[in-house]
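I have placed the structure first, in the form of structure tokens, so that the comments after it can refer back to it.
Since every read-out is calculated from the coordinates, none of them should be taken as a lab result. None of the values given here were measured: they were computed from a predicted structure. In this analysis, Cβ positions are derived from the backbone assuming ideal geometry, glycine residues included, and neighbour counts consider all displayed protein chains.
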Amino acid sequence: MTNQQKNDFTKWYIDTIQKADLMDYTPVRGCIAFKPDGYEIWEHIQDEMNRRFKETGHRNAYFPMLIPESFFQKEKDHIEGFAPELPWVTEAAGEKLEERLALRPTSETMIGHLYSDWIKSYRDLPVLINQWANVFRWEKKTLPFIRTSEFLWQEGHTAHVDEEEARQETMQMLNIYKEVVEELLAIPVYDGQKTPSERFAGAVDTYSIEAMMKDGKAVQAGTSHYLGTKFAEAFDIKYLNKENKHQHVHTTSWGTSTRLIGSVIMVHGDEQGLVLPPRVAPTQVVLIPVGPWKKNPAIMEKLEELYAALKSKGIRVRLDDSDQSPGYKFNEWELKGVPVRIELGPRDLENNQALIKVRDLSEKESVEIAVLVERIEEELTTMQTRLLEKARAFRDENSHTNVDTLEQLKQHLADSTENGEIPGWILAGWCGDDACEENVKNETKFTTRNIPFNPPAEKTTCINCGKDSKHTVWFGRSY
Ligand SMILES: [Zn+2]
């Protein structure tokens, strides 16, 4: 962490996204505008997700944003979970509606209603549908990208003949999320199961991937739910099986949202601003003329040649020939997190060289123009890998496995504050009692993140009550 990040991480985060021109606030509280550079990060996430969804047999569809109130009443846990944050449409065209309509917080109910019509026989299964949409959850405390009242996401909704197939789907999608977040966003995650109190409202089991931000807080970066037959029973989704008997389908749902954009910024950003992994950077390479380049047309000619060569390799490249000073431009493009900057001035050109600066490395380097394109391709690949490795090293360093009791956790928190370190996460045992989980939260603000599939250690006693543990769990503060 840099000094600015240490002093006030939230302020650093908001400054960074504003300087990078990713978003703007609007007069509607908690609703932000995504500016082109912010939205394009989302588009790269969408492209990669869509590729993998389609590879695994899913198709995109679209469902309405307004959901009748009666739909929510059909699944008890679901309405209890979402009711406090629902915005309602109560009148239209000057008249009061007979039934209030909610702005969707998620679409299980509307989709459940429709699937009961679409699914009649085992021949109609599985149904593998994803939707890209905006959803609303009227949050009290908001933070751009990370928690907003309206956000963008994808929600997959599938229906299957039995539990086994639905559970396979649930895990398959969690794995896809893990791969995309690690490979595309260079963010390492712990995959695992949520505890019952942290489950999605209406799910039988919820699984998540959890990422650690630079301030040590967790972001739940994606969730996948096995819904059993709960929604099938609530919405009467039945099919005729091969034995000619009516059966309820088993459903799943899974989602990732634009909070992934916030996570990329909070995981990789530094004192100079944004640092973007090359694979999601709207601009991967920027070319900047330096020195008295306006008097020397050969410089722009060479830069245009390089621009075309990089573009032909599929690299997202910009040539900045504005009349700002080079120093101003360097700063601007660093703030935007552009992975590689190429500088070319008269002396460089004379020596058939250009200077390159990789965003997360401190030194500039001279590179022969003849091998420059090849070299840039290499730098983008190695930077992508390096960012993931750095983030993994940071996370591992701040994932503590030596805190086993509530007293030790309190001591750990006191020590971290005293040493100016982040508390990070701890791996501890849990007996399975909600009250123990609740007490840890009340005393320390540490909540259960997930029960990891592959914990680095096994914990045998509950952090709160000291009894035998049922699970080994990640605890941490979260967004
Ligand atoms: Zn306990």
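Some values worked out for this structure:
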| read-out | value |
| --- | --- |
| Bins of 5 Å from zero: percent of alpha-carbon pairs in region 167-258 | 3, 14, 20, 20, 15, 11, 7, 5, 3, 1, 0, 0 |
| Lys/Arg +1, Asp/Glu -1 at C-beta; the chain dipole; positive extreme among Ala92, Val127, Gly192 | Ala92 |
| Residue exposure sequence - Leu303, Leu66, Leu143 - by fewest surrounding Cβ within 10 Å | Leu66, Leu143, Leu303 |
| Overall dimensions of region 399-476 as given by Cα atoms, namely Rg and Dmax in Å | 11.5, 34 |
| The chain: angle of helix 297-312 to the longest principal axis, Cα-based, in degrees nearest 10 | 30 degrees |
| Chain lengthening between Leu97 and Ser322 when straightened (0.36 nm per residue, less Cα-Cα) | 75.5 nm |
| Rg ratio (alpha-carbon, reference 2.2 N^0.38 Å) - region 3-268 | 1.05 |
| 0 to 90° range, to nearest 10: angle between helix 108-118 axis and the chain longest Cα axis | 70 degrees |
| Positive-end extreme of charge dipole, the chain - chosen from Phe72, Leu260, Ala211 (charges on Cβ) | Phe72 |
| Per-selection Rg to Rh, region 1-82 - Cα, Kirkwood hydrodynamic radius | 1.12 |
| Sorted by Cβ density within 10 Å, fewest first, the residues Ser208, Ser322 | Ser322, Ser208 |
| Helix 9-19 vs. the chain, principal-axis angle (Cα, 0 to 90°, nearest 10) | 60 degrees |
| Listed residues Thr417, Val403, Asn450: farthest to the positive end of the dipole of region 399-476 (Cβ charges) | Asn450 |
| Descending semi-axes in Å of region 285-379, equivalent ellipsoid built from Cα gyration tensor | 17, 16, 13 |
| Sorted by Cβ neighbour density within 10 Å, fewest at the top, the residues Cys462, Cys436 | Cys436, Cys462 |
| Region 34-170 shape via C-alpha gyration tensor axes, a/c threshold 1.5 | oblate |
| Computed helical MRE - 222 nm, the chain, DSSP H runs ≥ 4 contributing -39500 (n - 2.57), nearest 500 | -11500 deg cm²/dmol |
| Euclidean distance between Cα centres, region 295-321 to region 163-227, Å | 42 Å |
| Total formal charge among the other residues, if their Cβ is under 11 angstrom from that of Arg392, Lys/Arg +1 and Asp/Glu -1 | -1 |
| Radius of gyration and Dmax over the Cα atoms of region 236-320, both given in Å | 25.8, 84 |
| Long pairs among Lys35/Lys329; Lys311/Lys390; Lys11/Lys445, criterion Cα-Cα beyond 24 Å | Lys311/Lys390 |
| Spatial extent of the chain: Rg and Dmax, with the Cα atoms as the point set, Å | 25.2, 84 |
| Value in Å of the Kirkwood radius, where region 337-479 supplies the Cα pairs that are averaged | 18.5 Å |
